Amino acid sequence: MKCNKAILVLMTLVLLCSSGQALRTFSGDTITIDTAIADDIIAAGNMVSINAPVDSAIVVGGTVNINAPVKGDVIAAGGQVYVNANVGGKVVAAGGNVNLGGNIGTNLVALGGQVNILPGNTVERDALIGGSQVVNAGRVNGTITVSANQFNNTGSAGKVNFHKVEDQTEKRADNDMGFNIFSLLAMLGYFILGLILVKYLPGIIQAVDREVRSSTLLKTLLGFVMIIASFIALLLVAVTVVGLPIALISTLLFFAALMLSGTFVSFSLGKWIGERAKIKQGDLVYFVIGFVILNVLCWLPLVGGLISLISMSLGFAALLYAARHLATACQAKTT
């Protein structure tokens, strides 16, 4: 949860610094939307309240209030997240407390210290929830999957999957603090590195982005296979005295490519979301949006590990494809 909060702070800071660049983007200390907007919105602030209908919403804030119907999807993150109105699409929410007081048209994905589906509300399809305490007092028409310390199911669901997470906070307090600090520093490093790459090496970013968007499923599968094959090849080369220096250098390059894979996928994800939502923003803002959403998804229980693996495989393959095309182009120019 601490890492998720760090992600939210990063996105809020960047969006506050980039106000005015994007269509239907709102930033400030207190944001109140009282006029209906027939478009998608992005909002970041200490207090964000949507009191009039919008098409879809991506919202980050200390307190987020969705008090009016949303036609499409809602992606919200903050200390307190209140969805008090009906949502036509899906809801993806992360926060210290997440309260769902409206009907959800498709699926629900929620992560928080306390997650509540309030009485009288319906999730039309499935719900995937992770948290410390989860309460379902509404109805989930499909399957509700919960990973939590405590789960109080006074409502109903088509099917219930509950995984109890043991509370070992006291035993792991010191280790968790060190891990969270390291994770925060690593995430901040990736974030800054991504901004630098997008700003000063746009050609490389665009080249990898084209590969990510081309044959995405095939490249994801190939990337997974290539990661395993590369690891085995490095071990085979390292067993010989002559090949050991080559293996060391290749290992450094290999891990560098793996670490950068998420950065490239973050940009492609943010740009794809921007294009779908018809948001005209610069590449830096696209990267920020993709970086935050991808990291939040990777921290989700149960599916987070799979999303991380997919991102790593896709980014690794796309980077290798882009490097090959670049090498071919350079060779063609020299000849």
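Just so it is clear, none of the values below were taken in a lab; they were calculated from the coordinates. Source: prediction; values computed, not measured. As a convention, Cβ positions derive from the backbone with ideal geometry for all residues, glycine included, and neighbour counts pool all protein chains shown.
Some observations on this one:
- Vicinal HN-Hα couplings computed from phi for region 213-228 (Karplus, 6.51 cos²θ - 1.76 cosθ + 1.60; Hz; Gly/Pro x): 7, 9, 6, 4, 5, 4, 5, 5, 5, 5, x, 4, 5, 5, 5, 5
- Förster radius 45 Å - calculated FRET efficiency between A233 and R276 (Cβ-Cβ, nearest 0.05): 0.70
- Dipole moment magnitude, nearest 20 debye, the chain about Cα centre, only Lys, Arg, Asp, Glu C-beta charged: 640
- Rounded to 10°, Cα long-axis angle of helix 173-200 versus longest principal axis of the chain: 70
- Contact order normalised by residue count of region 173-334, Cα under 8 Å, 6+ apart, percent: 32
- Ordering F267, M187, L297 by the projection of their Cα atoms onto the charge dipole of region 173-334, which places +1 on the Cβ of Lys and Arg and -1 on the Cβ of Asp and Glu, puts F267 at the extreme positive end.
- With contacts taken as Cα pairs under 8 Å and at least 6 residues apart, the chain reaches a relative contact order of 11 percent.
- Neighbour-count order for Y200, Y82, Y190, fewest beta carbons within 10 angstrom listed first: Y200, Y190, Y82
- Stretchable slack from S132 to A332, in nm (0.36 nm times residue separation minus alpha-carbon distance): 66.2 nm
- Placing unit charges on the Cβ atoms of the charged side chains and taking the dipole of region 2-164 about its Cα centre, the candidate lying farthest along the positive direction among G142, T122, G101 is G142.
- Prolate/oblate/rounded label for region 173-334 (Cα gyration tensor, a/c 1.5): oblate
- Dipole in debye (nearest 20) - region 173-334, about Cα centre, beta carbon charges: Lys, Arg +1; Asp, Glu -1: 640
- Per-residue [θ]222 nm for the chain (sum of -39500 (n - 2.57) over DSSP H runs n ≥ 4, rounded to 500): -16500 deg cm²/dmol
- Sites L221 and Q150 - FRET efficiency at Förster radius 41 Å, r taken between beta-carbons, to 0.05: 0.60
- Gain upon complete extension [S214, T251; 0.36 nm per residue less C-alpha separation]: 10.6 nm
- Between the helical axis of 2-17 and the longest alpha-carbon principal axis of the chain there is an angle of about 90 degrees.
- This model, with +1 at the C-beta of Lys and Arg and -1 at the C-beta of Asp and Glu, gives region 63-159 a dipole about its Cα centre of some 100 debye.
- Close Lys pairs in region 173-334 (alpha-carbon distance under 24 Å; sequence gap of 8 or more, or different chains): 5.
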